[in-house]
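Worksheet for the structure shown next.
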Amino acid sequence: MSHTATLKVWRGVDTAAGRLETYAVPFEPGQSVLDGLRWIRANHDPSLAIRFSCINANACKECMMELDGATVYACTARLEPREMVVRPLSNKTLVRDLVTEIAPPAERFKG
Amino acid sequence: MRADPTHVETDVLVIGSGGAGMYAAIEAARAGAGVFLADRSLIGRGGATVMAQMTVAVALVAETPDHWSHHLADTIRAGRGLTDARLAHLLCEEGPDCIREMDTWGVGWARRDGHISQAMAPGHDRPRCAYVDFLNTGPAVSKTLRTVVNRTGGIRKAGDLMIVDLVRRDGEVSGAVALHLATGAPVTIAAKATIVATGGLTRLYRRNSASANMGGDGYALALRAGAPLVDMEFVQFFPIGHLAPRLIGMDPIMWDPFRYKLGGRLLNAGREEFTARYGTPEDGRYVVTRDLATYAIIKEVEAGRGSPHGGAYLSFEHCSAEALRQAFGPVIDRLAANKIDLTKMPVEVAPIAHYHMGGVATNVRMETEVPGLFVAGEAVGGANGANRLSGNAITEALAFGRRAGRSAAERACGARQAFRAADARAAIDLVTADGSGAELNTAAMIQTLQAAMADDVGPFRTQAKLERAVGVIDRLTAALGERPAGDSGAFDMRRIEWLDLRNMLLVARVVATTALRRTESRGAHQREDFSEMVPEWQVNQTVRMRDRRIALASVPVMVEVAAQ
C-alpha cells in the first residue's frame, strides 16, 4: 500500500489563469483532506490559501471545496493514498487558490 | 502612491462574532446604537461558541431548588482564591436571564417534563447545566444568535475582516484598522465605543479544542492599546480531549456530555481506574474537576502507565448498546463511520488546551481602563480565577456580551467620533507594506510556537521549561521582524499569519512570563518546582505594555461582591 497521497491543488487568483500544483503528502490512515492541505502549508508552501477555522469539528463549515469534482468539507473528506484533485468551489467567486467567497451577501464587508 | 483606505463609521464596533460578540451587538442595537459587527471569519461561525458541545451553567430553578448565590459560591471555590467576585457575581446573577431570553428565541434547550433539563457537572453543588442535544449546545446558541442578529435593525455585518490594531486619540480608543482578507485592502473604522469579543488563546497550543481563530488577538489588541491584562498564566486544559483513534468531523471535547450522562471510566494502560491515587475516586461517576483530572492523566503517563498514544483510556464498555444509543443519539452512527464501537473498545483521551481564565481587566460595566474600550466573553479576565467551572464559558459569553453591549451603547450615545486618520497610519502601513521578501514559513513558525507552548508552558511548568519557551519566543520574534511577510493581495495567508504571529508571540510571552513569576501552584497553573499553593500568592498578576515591553505587577484580588 502506498504511504503517499498525491494532492493536485488548484492555485491562482484568476479562474481563467490557474494551474494545478502537485504535492506528495505523507499518508496516515484516518487523516482528512484538510490535514493534507495544512501539511502542505507547513512543510512546502505557506502561501497556499485555504479557509478553515474549526479544524476538525465540521462546525464552522468554512472548508468547502471540490474534491475530484464533488463538493466536500475538507475536514470530513478522508485523505486517501492515491491522486486526489482539489479545486475551489466552481459556483462561487474565487478569492485565491482554494478560497472562495462563501459568506451570504449580507454578511460580507462592504465599504 | 497608495489609495486611501476604505473608511466606515459606527457607534459601536464589535470585534468577534461568537456568542459574546453577537449578544453584545444585539444588546447595543436594542439600546439604539448603530453597530458594526466584524469577524475575521464568517459571522457566527468561527470562534469558540460554535464549537461548544457541552453545557451552560445557570441557576434557573427549573428542576432543582437553586439560587445564583450557590452558583457564585461554586464559581469562587473553583477559582482557588483568585476569582474576581464582581465579575463572577454578574455571570451568575444575569446568566439565567440570558438563558431564558435564548429560550424565547428558540434555542431549544433540552427539556424533561416541560422543564429545561439541568445536568450535574463537576464542581457544581447541584444539577445546574442546561444543554441542547446531541452535542449541539454551541451550534444551537450560535445559530439562534445569528438569526436574532439578522432580524435586529442597526447591525452591519462584516465577515473576512481582521482587526490589526485599535486606534487611539488622547488616550481613548477611537476605532480600529482592519485587513479585509478577501481583497487584502486596509479598512479604517471610526467607533465611539469598541468591544473586544475575540475569545481566548488556545491556538497557542499544539492540541486545542477551539478554532484556529483563537490566537489571543484580542489580548494583544487591548495590550497595545494600553489596557492591562490579568491572570494570564491560567490556561485551562480540558482533561479528556479526544486523542485516538483519529476521528473526523467531531470536536475533540465531545466526550464530556456523555460523561455527564453515563459516567464512563477513566483507565490507565493496565485498565485500572486511577484518579483515586490523586485524591478523587470516581466510582463510575463524573466528579473529578478539570485541573485534578489533567494532573492525574499526565502523572499516569509520566509513570509509564499511559495509553499507547500518551493519554488515558475512556471506556463506556460497561454500558449497554441501548443506553449508549439513548445518550449518544445519532452520534453513535458518526462514531461507527469512524470505526468506533463503544461497547467493544475504549477511546484514548488526553489533556488539550481548552479555555483561558486570564484576559483583559475590566469593571462590571465591561469597560477596560482605556476609555472607549470594552470587553466581553472569554476575552475578559478574572471571572473564573485560577480554574473555570464546567458550563461557565457560554454563560459568561452571554452575560458579559449583553452587559458590554449595553455599556458601549451608553457611551456611544451622545459621544462624538474622535477618530483621526493620522492615528491609524502605523497600522495601515502594516497592512499595505511591501513584503519583507524574507522567505518565512509562517505556517511552520506557528507550529514551532505551538510545540514550545504545549511542551513547556502546558499544565505542568518549571522554571527551566518556561525559560526554554521564552527562548523559542525570542527567536521566533526576531525571525518575524518588523516588516510583514507576504503581499497586500487577496487572502495572502503569509500576511495573515505574520499578523497572527505578531499577536501570538506577544501573548505567548505574556503567558510564559506570568507563569515564571508565579512561584507556586494554584488551579490551572502547576509548577513542579513550586508544588504548593502559597498564601502570599493569593494575588492577581496584571500585565501592561510600557515602551514596547511588558511590565508585570501583583494586585489584590477583588473579593467583594459589589452591588450590581
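Coordinate-derived values only; no laboratory data. Note that this is a predicted model, so its numbers are computed, not measured. Here the Cβ is made from the backbone with ideal geometry for all residues, glycine too, and neighbour counts use every protein chain on show.
In straight Cα distance, which lysines are under 29 Å from residue B:143, not counting same-chain residues fewer than 8 positions off?
Within the straight-line cut-off, residue B:143 pairs with A:61, A:92, A:110, B:157, B:192, B:261.
Please turn the phi angles of segment A:67-73 into ³J(HN,Hα) values with the Karplus equation 6.51 cos²θ - 1.76 cosθ + 1.60 (θ = phi - 60°), one per residue in order, whole Hz, x for glycine and proline.
Computed from phi, the couplings for segment A:67-73 are 10, 6, x, 10, 6, 9, 8 Hz.
Taking the radius of gyration and the Kirkwood hydrodynamic radius from Cα positions alone, what is the Rg/Rh ratio for chain B, to two decimal places?
0.95
Which whole-Hz couplings ³J(HN,Hα) result when phi for each residue of segment B:336-348 is put into the Karplus expression 6.51 cos²θ - 1.76 cosθ + 1.60, θ = phi - 60°, listed in order with x for Gly and Pro?
4, 5, 9, 6, 10, 10, 5, 6, 10, 8, x, 10, 9
Show the residues, 5+ positions off or on another chain, whose built amide H is closer than 5 Å to the amide H of residue B:540.
So residue B:540 has HN proximity to B:555, B:557.
Return the long-range amide H neighbours of residue B:243 (sequence gap of 5 or more, or a different chain), with a cut-off of under 5 Å between placed amide H atoms.
Result for residue B:243 returns B:348, B:349, B:350.
Relative contact order, percent, of segment A:4-99 when contacts are C-alpha pairs under 8 Å separated by at least 6 residues?
It comes to 37 percent, rounded to a whole number.
So for segment B:238-351, Kirkwood radius off the Cα pairs, Stokes-Einstein at 20 °C and 1.002 mPa s: how many µm² s⁻¹?
Reported coefficient: 153 µm²/s.
What is the P(r) of segment B:95-139, as percent of Cα-Cα pairs per 5 Å bin from 0?
Per 5 Å bin, starting at 0, the Cα pair percentages come out as 6, 20, 29, 29, 15, 3.
Fewest first, what order do B:195, B:189 take by the number of other Cβ atoms within 10 Å?
Final ranking by Cβ density, sparse to dense: B:189, B:195.
Rounded to the nearest 5, what % of DSSP beta bridges with both residues in the protein assembly as shown are antiparallel?
Counting DSSP beta bridges with both partners in the protein assembly as shown, the antiparallel share is about 70 percent.
Give a residue-ordered list of calculated ³J(HN,Hα) values for segment B:65-79 (Karplus: 6.51 cos²θ - 1.76 cosθ + 1.60, θ = phi - 60°; whole Hz; x for Gly, Pro).
Whole-Hz 3J(HN,Hα) from phi for segment B:65-79: x, 6, 7, 4, 5, 5, 4, 5, 4, 5, 5, 5, 4, 5, x.
Provide the convex hull volume over Cα atoms per residue for chain A, in Å³.
Hull volume normalised by residue count: 109 Å³.
Among A:14, B:455, which comes first, then next, by fewest other beta-carbon atoms within 10 Å?
A:14, B:455
Take the alpha carbon atoms of segment B:195-253, find their radius of gyration, then divide it by 2.2 N^0.38 Å using N residues; give the quotient.
Segment B:195-253 yields a ratio of 1.34.
For segment B:513-540, list residues with backbone N below 13 Å from a point placed 7 Å from the Cα of residue B:463 toward its Cβ?
B:516-520, B:528-531
If N is the number of residues in segment B:435-538, what value comes out of its Cα radius of gyration divided by 2.2 N^0.38 Å?
1.27
Using all Cα-Cα distances in the protein assembly as shown, what percent lands in each 20 angstrom bin from 0 up to the longest?
Going from the shortest bin to the longest, the percentages are 19, 56, 24, 0.
Fewest first, what order do B:261, A:61 take by the number of other Cβ atoms within 10 Å?
So the ranking, lowest neighbour count to highest, is A:61, B:261.
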